[in-house]
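These notes are about the structure you will find just below.
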Amino acid sequence: MKVTFLGTGTSHGIPVIGCRCAVCTSTDSRNYRNRLGVWLHDETRSVAIDVSSDFRTGALRHGMRHLDAALLTHAHSDHVSGLDDLRIFSQVSGKPTVLYGSEQTFGEIKKRFGYAFEPPKSYGGGAPQYDLRLASEPFEIAGWKVTPLPILHGPEPILGYRVNDFALITDVTEIPESTLGLLKGLKILALDCLREKPHSTHLGFQQSVDYAKRIGAEKTYFIHMCHELEHVATEARLPPEIRLAYDGLEMELLG
Ligand SMILES: [Zn+2]
Ligand SMILES: [Zn+2]
Ligand SMILES: [Zn+2]
């Protein structure tokens, strides 16, 4: 299974429109962060985690040809705004695109993308088609074992996902004990690290480091970073097993 980070930034993306700070004007491409997205794939399988408005850019950059399913963490705009762009996959395959998520996420999606569920006549068959599947229990996608990971995003319960020995936990303030128990033996963890200080709905730098150490994946990559966290300077403060993800970062996961 190959893990490709399509986007690693917070909701504004980096650079932030109009900002002239050192990170937003950096010439190091690792400081250029699209909105969050990870693509898990091999020769036959293709699964996205979250579908931001930058999804299309990442899919084109990395040559995505089809999509078996998208796993949705929650329905905040920076995680689902690209759902309309999944139309092409169902147009090519003739099948609706499979989305996994929580009941709350699907409730939001039905409001926001109402035209996909009750297409206006003017769409002439061009509306997106989704096959919504509740991620309440572990399930498999073509042999990959997927475990939904209940976490807290401030007051809101949302989901992370474990796929084989990779897990993604974003937009998190608290990982309950029961979920920590589902994270044993991880090879790679992608973990929220919004900024230096804690935030009401995200982990700050030291909290992310503490969770990363507690979970103890072979390697942890921070994601969903804002423009406070410069790539090189932030990595210099981290132990070698914790790194910052960047757009286009790819790794192979065996087994
Ligand atoms: Zn900036
Ligand atoms: Zn969020
Ligand atoms: Zn977010």
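The values are calculated or read from the model by the stated rules, or taken from the named source; none is laboratory data. Predicted model, so just to flag it, every value in this text is computed and none were measured. Please note: Cβ atoms are built from the backbone with ideal geometry, for glycine as well, and neighbour counts cover all protein chains shown. For the accessible areas, the whole protein counts, side chains as well, though only heavy atoms, and no ligand, DNA or RNA atoms are used. Shrake-Rupley method; radii C 1.70, N 1.55, O 1.52, S 1.80 Å.
Assess whether Arg33 counts as being open to solvent by 50 Å² or more (accessible area, probe 1.4 Å) and among the charged types (D, E, K, R). Taking the combined requirement at face value, the residue does not satisfy it. Filtered by the rule that a residue be surrounded by fewer than 15 Cβ atoms within 10 Å (Cβ to Cβ), outside any helix (DSSP H, G or I) and in contact with a helix residue (DSSP H, G or I) (Cβ under 9 Å, 6 or more places away or on another chain), the stretch 230-250 gives Arg237, Pro239, Glu241. Taking the criterion of being more than 15 Å from ligand 2 (Cβ to nearest atom) and either at positive phi or assigned to a loop (DSSP other than H, G, I, E, B) (or both), the residues of the stretch 30-53 that qualify are Tyr32, Asn34, Asp42, Glu43, Thr44, Arg45.
So is Gly160 assigned to a loop (DSSP other than H, G, I, E, B) and open to solvent by less than 70 Å² (accessible area, probe 1.4 Å) or not? Don't jump to the end; show me each part of the working.
Values: assigned to a loop (DSSP other than H, G, I, E, B): no; open to solvent by less than 70 Å² (accessible area, probe 1.4 Å): yes.
The answer is no for Gly160.
Val47 passes every criterion in (1) open to solvent by 30 Å² or more (accessible area, probe 1.4 Å); (2) away from ligand 1 (no atom under 16 Å from the Cβ); (3) touching a residue at least 40 places away in the same chain (Cβ under 8 Å); (4) aliphatic (A, V, I, L, M) apart from (1). Pick from His227, His199: which is away from ligand 1 (no atom under 16 Å from the Cβ), in a loop (DSSP other than H, G, I, E, B) and not aliphatic (A, V, I, L, M)? Only one candidate passes the filter, namely His199. From the list His12, His41, the lone residue that is touching a Lys or Arg at 6+ places or on another chain (Cβ under 9 Å) and within 16 Å of ligand 3 (Cβ to nearest atom) is His12. For the stretch 73-80, does any single residue satisfy the condition of being open to solvent by 20 Å² or more (accessible area, probe 1.4 Å) and touching a Phe, Trp or Tyr at 6+ places or on another chain (Cβ under 9 Å)? No: the stretch 73-80 contains no residue that is open to solvent by 20 Å² or more (accessible area, probe 1.4 Å) and touching a Phe, Trp or Tyr at 6+ places or on another chain (Cβ under 9 Å).
Being in contact with a helix residue (DSSP H, G or I) (Cβ under 6 Å, 6 or more places away or on another chain) and either surrounded by 19 or more Cβ atoms within 10 Å (Cβ to Cβ) or more than 20 Å from Leu83 (Cα to Cα) (or both) is a property that holds for Leu183.
Within the stretch 54-89, the set of residues being closer than 22 Å to Gly13 by Cα, among the aliphatic types (A, V, I, L, M) and part of a helix (DSSP H, G or I) comprises Ala59, Leu60, Val80, Leu83, Leu86.
Residues that are free of Cβ contacts under 8 Å to residues at least 60 places away in the same chain and either aliphatic (A, V, I, L, M) or within 16 Å of ligand 1 (Cβ to nearest atom) (or both) within the stretch 202-223 comprise Leu203, Val209, Ala212, Ile215, Ala217, listed in sequence order.
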